[in-house]
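Engineer: Take this structure first; my questions come after.
Read-outs throughout are calculated quantities, based only on the coordinates presented, and are distinct from any laboratory measurement. Just so it is clear, the structure is predicted and the values come from calculations on it, not from any experiment. Don't worry about glycine lacking a Cβ; one is built from the backbone with ideal geometry, like all the others, and counts go over all protein chains shown.
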Amino acid sequence: MQTDWKNKTAIITGAAKGLGLALAERLLGYGARVAMFDRELETLEKSTKDNPNGYSYEVDVVDYDQVKKAVDHFATEVGRIDILVNCAGIVGKTNIKSHEVATADFENVMAVNVLGSFHTFKAVAPYMLDQGHGRVLHVASISGKDGNAGMLAYSTSKAAVIGMTKVQGKEYAQSGILINAIAPAVIRTAILDGMAPEQVKYMTDKIPMDRCGTLDEFVEMASFIVSDQNSFTTGFTYDLSGGRALY
Ligand SMILES: NC(=O)c1ccc[n+]([C@@H]2O[C@H](COP(=O)([O-])OP(=O)(O)OC[C@H]3O[C@@H](n4cnc5c(N)ncnc54)[C@H](O)[C@@H]3O)[C@@H](O)[C@H]2O)c1
């Protein structure tokens, strides 16, 4: 089955930069209509100003009311929501032991990475249920499978995202909505800028292919996962770790 991208609509969170932006550009290039959610409205608007299929929404995914308002607005504009991709994410303070993690930092990371992904799903699922069709991709991380020492909050949050994906995959398996996750190892984006160099070295040293992943490699796998060609896989976490995850 081919994907009729020109008739697809997608919401991508964290779309102002990094992985979310790269995927949004790919889906816009295919002719899909794409709502880009992020806290950074000005940056979003630079990407959408020349493309009538791009819609910018200033949304903090931690705030359910903001998420719901933007989702409902986009659905009214375009009539349906086929695809949801949760890319919004933060790492918090890294390169520290668990007992040194500030509770507020832990809560903040969990709020963006876990609550944020739950909020968008909760707002979007009723539309997908009505349509009897949908593709959801939660961006997790290899740290959620493997646990990165020095990254308690982040690794815990991404393990929770993987758990959420398994539950949702089962709950909606007969509804036409497929829910999957992806677990990248290191891909060079702005998210690394706030991290201690020792922490980035720790993560990259663990990649058997001895290199980082690329935005293109992410986009190729992610666009397959949200396409109609992906039709018999749900609740699964796709690996994008250069050989680090063997399970
Ligand atoms: N880059 C990597 O190496 C890597 C590896 C594994 C997983 N990931 C995951 O991929 C996702 C994207 O990461 P990235 O590398 O593109 O990072 P990035 O920092 O380049 O982009 C993240 C985007 O999320 C937005 N964002 C953060 N908090 C938000 C909030 N509360 N509401 C709305 N938007 C918010 C930021 O403004 C930013 O535009 C994240 O979930 C990250 O954990 C990244």
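Engineer: Can you tally the net charge around R211? Count Lys and Arg as +1, Asp and Glu as -1, for every other residue whose Cβ sits under 14 Å from the Cβ of R211.
Structural biologist: In short, 0.
Engineer: Remind me, relative contact order of region 5-239 in percent, using alpha carbon pairs under 8 angstrom and six or more residues apart?
Structural biologist: 19 percent
Engineer: Please enumerate, by chain and number, the lysines with C-alpha under 30 Å from the C-alpha of K170, excluding those fewer than 8 residues away in the same chain.
Structural biologist: The qualifying lysines are K6, K8, K68, K69, K122, K145, K158.
Engineer: Using only the alpha-carbon atoms, how far is helix 18-30 inclined from the longest principal axis of the chain? Give it as 0 to 90 degrees, nearest 10.
Structural biologist: 30 degrees
Engineer: Kindly write out, for region 120-136 in residue order, the coupling ³J(HN,Hα) from the Karplus curve 6.51 cos²θ - 1.76 cosθ + 1.60 (θ = phi - 60°), rounded to whole Hz, with x marking Gly and Pro.
Structural biologist: Running phi through 6.51 cos²θ - 1.76 cosθ + 1.60 with θ = phi - 60° gives 5, 4, 4, 6, 8, 3, x, 5, 5, 5, 4, 6, x, 7, x, 10, 10 Hz.
Engineer: Mind checking which aspartates and glutamates have their Cα closer than 18 Å to the Cα of K93? Skip sequence neighbours fewer than 8 apart in that chain.
Structural biologist: Cα-Cα hits under 18 Å: D105, E107, D193, E198.
Engineer: Then there is this: Can you bin region 5-239 into rounded, prolate or oblate? Criterion: square roots of the alpha carbon gyration tensor eigenvalues sorted a ≥ b ≥ c, rounded for a/c under 1.5, prolate for a/b above b/c, oblate for the rest.
Structural biologist: prolate
Engineer: Continuing with the same structure: List every residue whose amide H lies under 5 Å from the amide H of T237, counting only residues 5 or more places away in sequence or on a different chain, with H placed 1.01 Å from N in the peptide plane.
Structural biologist: HN-HN under 5 Å from T237: A181.
Engineer: Take I142, I162 and order them by how many other Cβ atoms sit within 10 Å, fewest up front.
Structural biologist: Taking fewest neighbouring Cβ atoms as first place, the list is I162, I142.
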